[in-house]
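Encoded as structure tokens, the structure appears first; notes follow it.
The values are calculated or read from the model by the stated rules, or taken from the named source; none is laboratory data. These numbers come from a predicted model, not from an experiment. Heads up, the Cβs are rebuilt from the backbone with ideal geometry, glycines too, and the neighbour counts pull from every protein chain shown.
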Amino acid sequence: MLKQTITLPDGTVLPAIGQGTWNMGDDASRRTEEIAALQAGIDAGMTLIDTAEMYGEGRSEELIGEAIRGRRDEVFLVSKVYPHHAGGKKLVQSCEQSLKRLGTDHLDLYLLHWRGRIPLQETVEGMQRLIEDGKIRRWGVSNLDVDDMNELMRIKGAEQCVVNQVLYHLGSRGIEYDLLPWQQEHRMPVMAYSPLAQAGSLRRELIQHPVVQQIADEQDAEPFQIMLSWCIRSGSVMAIPKASTVEHASSNAEAANIKLSEQQLRQLDEAFPAPQHKVPLDMI
């Protein structure tokens, strides 16, 4: 099982590395392999699985529903609602459709995928009703920056927000300037999506960088594992990398057991410095 964990504001303890599912379920020829990868991830302790109604317009949720059939109680299930569905009857309908595709009667965590035109207050009120109706256990947000979070916190009931999911990896460190400290102060974990920069495709230089390669050699690990270990180093960030194969899922899980030394962390800071000023929130 994974050594490193993250604790939500309500005391729920989660693995520091979970499973992302963006683009999973889109290719029917890979369905069996992807289901096996998700199940291997659960077996390895990556019991948090993240999805969204947007992912393949529900295909990802359907894939997960098949993968966790008979194992629902082992999994912490997260899904996200489109901004234009994040209020009133549309929020209820989106949630119910996600539940149906996932084959479950509740979500452990439901997130606003990004901010849209529906007022945050309406979303907060809707999330609270979903909790009262037993359809979700918790709610949170995604892709909100500090100004958005401050605005959110002025709304009655917003203190129930348990997480903010944002892009974060070794080559995208903007949240360290203000958003990450804000969330640490509020004891609200960051959920990092694309912590491997989409298998390096966003920033190919990350995995090929000599410092990353050197540290991987020192740790007897893969460069991707070094990036994951770095991402969760603070104890207030959980990462949700995607794995489409059993081997990749096992590799991701093993990254939670890697402890980077102070010297190695300094080397990574020098190679990929955090910004010293405010930058726009990175999103994909």
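Taken as a whole, the structure leaves M54 outside the set of residues that are within 24 Å of N143 (Cα to Cα) and buried (at least 24 other Cβ atoms within 10 Å of the Cβ). Only one of the numbered conditions (1) surrounded by 20 or more Cβ atoms within 10 Å (Cβ to Cβ); (2) modelled with pLDDT under 95 is violated by G140, and that is (2).
So which residues in segment 62-96 are more than 19 Å from the chain's Cα centre (by Cα), over 22 Å from Q165 (Cα atoms) and either in a loop (DSSP other than H, G, I, E, B) or in contact (Cβ under 8 Å) with a residue 40 or more places away in the chain (or both), if there are any at all? Across segment 62-96, the qualifying residues are R69, G70, R71.
Looking across A37, A86, one residue alone is under 22 Å from M188 (Cβ atoms) and modelled with pLDDT of 95 or more. It is A86.
The criterion of at least 1 residues that are more than 20 Å from the chain's Cα centre (by Cα), buried (at least 24 other Cβ atoms within 10 Å of the Cβ) and on the phi < 0 side of the Ramachandran plot is met, among helices (runs of 4 or more DSSP H) falling completely within segment 147-244, by 210-218. For segment 13-41, the set of residues classified as free of Cβ contacts under 8 Å to residues at least 60 places away in the same chain and surrounded by fewer than 21 Cβ atoms within 10 Å (Cβ to Cβ) consists of V13, D26, D27, A28, S29, R31, T32, I35, Q39, listed by residue number.
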